[in-house]
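Visitor: Submitted below is the structure of interest, expressed as structure tokens.
The values are calculated or read from the model by the stated rules, or taken from the named source; none is laboratory data. Nothing here was measured: the structure is a model prediction, and the numbers come from that model. Glycine also receives a Cβ, built like all others from the backbone with ideal geometry; neighbour counts cover every protein chain displayed. Ligands, DNA and RNA are excluded from the accessible area calculation, which covers all protein heavy atoms including side chains. Shrake-Rupley method; radii C 1.70, N 1.55, O 1.52, S 1.80 Å.
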There are 2 protein chains.
Amino acid sequence: MARVVVDVMLKPEILDPQGQAVANALPRLGISDVSSVRIGRRIEIEFTGAADPERVREIADKLLANPVIEDFTIQEVAEEAVPAGEPS
Amino acid sequence: MARVVVDVMLKPEILDPQGQAVANALPRLGISDVSSVRIGRRIEIEFTGAADPERVREIADKLLANPVIEDFTIQEVAEEAVPAGEPS
């Protein structure tokens with residue numbers, strides 16, 4: 001069982017109003033040293049067997065990202081990745 | 001200048017219809033060995049100075065995630081992180 005993470009972010013030259021809204025809200029929390037916030041998607045895909053990088057690339061390109069305005073990166077994560085800080 | 005990435009994912013026990021829609025679309029691409037797709041958010045925050053982990057945690061908790069249904073993880077990334085595969 002392999003787990004692959006695809007991160008999809010807007011290209012740097014594309015305006016990100018959602019991120020800007022968060023950035024504009026930060027001073028209300030008393031935080032003024034943030035220069036930029038960009039919001040994208042993180043997609044976790046679990047394969048029943050091994051993950052074929054070519055296949056993951058195809059999924060990301062055809063289903064997950066809009067290549068005109070978005071970039072994606074693919075990373076395979078450890079099989080038994082237990083999220084940190086979740087003792088509860 | 002520090003860059004911090006906050007990954008926000010639905011808790012495992014919360015249904016993710018968006019991810020399921022992607023999983024259900026995969027057989028149409030000829031892909032049948034995916035057992036699960038979960039879709040969350042990836043937020044990149046750039047600080048003008050050093051990033052205070054406590055402060056980032058506050059931002060994530062109050063602005064970025066809904067702690068009732070979502071988990072978040074925080075990671076500081078290298079300062080001059082250039083996305084791979086972008087020679088164009």
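Visitor: Restricting to the range B:53-72, name every residue that is in a helix (DSSP H, G or I) and of a type in the set (A, V, I, L, M, F, W, C). Write out each step before concluding.
Guide: First, pick out the residues of the range B:53-72 that are in a helix (DSSP H, G or I): B:53-64.
Across the range B:53-72, the qualifying residues are B:Val56, B:Ile59, B:Ala60, B:Leu63, B:Leu64.
Visitor: Within the range A:50-57, is there a residue that is surrounded by 14 or more Cβ atoms within 10 Å (Cβ to Cβ), under 11 Å from A:Val6 (Cβ atoms) and facing chain B (nearest Cβ under 7 Å)?
Guide: no
Visitor: Going through the range A:1-18 one residue at a time, which ones are open to solvent by less than 30 Å² (accessible area, probe 1.4 Å), within 21 Å of B:Ile59 (Cα to Cα) and either over 16 Å from the mean Cα position of the chain (by Cα) or of a type in the set (Asp, Glu) (or both)?
Guide: A:Asp7, A:Asp16
Visitor: Pairs under 8 Å by beta carbon, first residue without any contact (Cβ under 8 Å) to a residue 12 or more places away in the chain in the range A:58-75, partner open to solvent by 60 Å² or more (accessible area, probe 1.4 Å) and not acidic (Asp, Glu), six or more apart or different chains?
Guide: Correct list of pairs: A:Asp61/A:Pro67.
Visitor: Just a yes or no: is a residue in the range A:37-52 closer than 28 Å to B:Ala60 by Cβ and assigned to a loop (DSSP other than H, G, I, E, B)? I'd like the intermediate steps shown before the answer.
Guide: Restricting attention to the range A:37-52, the residues satisfying the condition of being closer than 28 Å to B:Ala60 by Cβ are A:37-46.
Next cut, assigned to a loop (DSSP other than H, G, I, E, B) only: none.
No, the range A:37-52 contains no residue that is closer than 28 Å to B:Ala60 by Cβ and assigned to a loop (DSSP other than H, G, I, E, B).
Visitor: For the list (1) at the interface with chain B (Cβ under 7 Å from one of its Cβ atoms); (2) touching a residue at least 24 places away in the same chain (Cβ under 8 Å); (3) touching an Asp or Glu at 6+ places or on another chain (Cβ under 8 Å), I need the number of the one condition that A:Ser36 fails.
Guide: (2)
Visitor: More than 7 Å from chain B (Cβ to nearest Cβ), among the β-branched types (Val, Ile, Thr) and either touching a Cys at 6+ places or on another chain (Cβ under 9 Å) or touching a residue at least 12 places away in the same chain (Cβ under 8 Å) (or both): is that true of A:Ile43 in this structure?
Guide: Numbers: more than 7 Å from chain B (Cβ to nearest Cβ): no; among the β-branched types (Val, Ile, Thr): yes; either touching a Cys at 6+ places or on another chain (Cβ under 9 Å) or touching a residue at least 12 places away in the same chain (Cβ under 8 Å) (or both): yes.
So A:Ile43 fails the test.
Visitor: I've got another one for you. Have a look at B:Ile39, B:Ile45 and point out the one that is at pLDDT 95 or above and over 17 Å from A:Glu46 (Cα atoms). Don't jump to the end; show me each part of the working.
Guide: Values: B:Ile39 fails: over 17 Å from A:Glu46 (Cα atoms).
Only one candidate passes the filter, namely B:Ile45.
Visitor: Starting from residues that are under 25 Å from B:Gln75 (Cα atoms) and of a type outside the set (Ser, Thr, Tyr), keep the ones in the range B:19-41 and report whichever is most open to solvent (accessible area, probe 1.4 Å). Don't jump to the end; show me each part of the working.
Guide: So the first thing to find is which residues in the range B:19-41 are under 25 Å from B:Gln75 (Cα atoms), and the list is B:19, B:36-41.
Still in the running and of a type outside the set (Ser, Thr, Tyr): B:19, B:37-41.
On the way: B:Gly19: 0, B:Val37: 10, B:Arg38: 48, B:Ile39: 19, B:Gly40: 10, B:Arg41: 68 Å².
Residue satisfying both the conditions and the ranking: B:Arg41.
Visitor: With respect to A:Val77, determine if the residue is of a type in the set (A, V, I, L, M, F, W, C), out of contact with any helix residue (DSSP H, G or I) (no Cβ under 7 Å at 6 or more places or on another chain), surrounded by 11 or more Cβ atoms within 10 Å (Cβ to Cβ) and modelled with pLDDT under 95. Working first, answer last.
Guide: On the way: of a type in the set (A, V, I, L, M, F, W, C): yes; out of contact with any helix residue (DSSP H, G or I) (no Cβ under 7 Å at 6 or more places or on another chain): yes; surrounded by 11 or more Cβ atoms within 10 Å (Cβ to Cβ): yes; modelled with pLDDT under 95: yes.
Yes.
Visitor: Take B:Glu13 and tell me if it is out of contact with any strand residue (DSSP E or B) (no Cβ under 8 Å at 6 or more places or on another chain), away from every other protein chain (no Cβ under 11 Å) and at pLDDT 95 or above. Explain how you work it out, then say what you get.
Guide: Working: out of contact with any strand residue (DSSP E or B) (no Cβ under 8 Å at 6 or more places or on another chain): yes; away from every other protein chain (no Cβ under 11 Å): yes; at pLDDT 95 or above: yes.
Judged against the criteria, B:Glu13 is a match.
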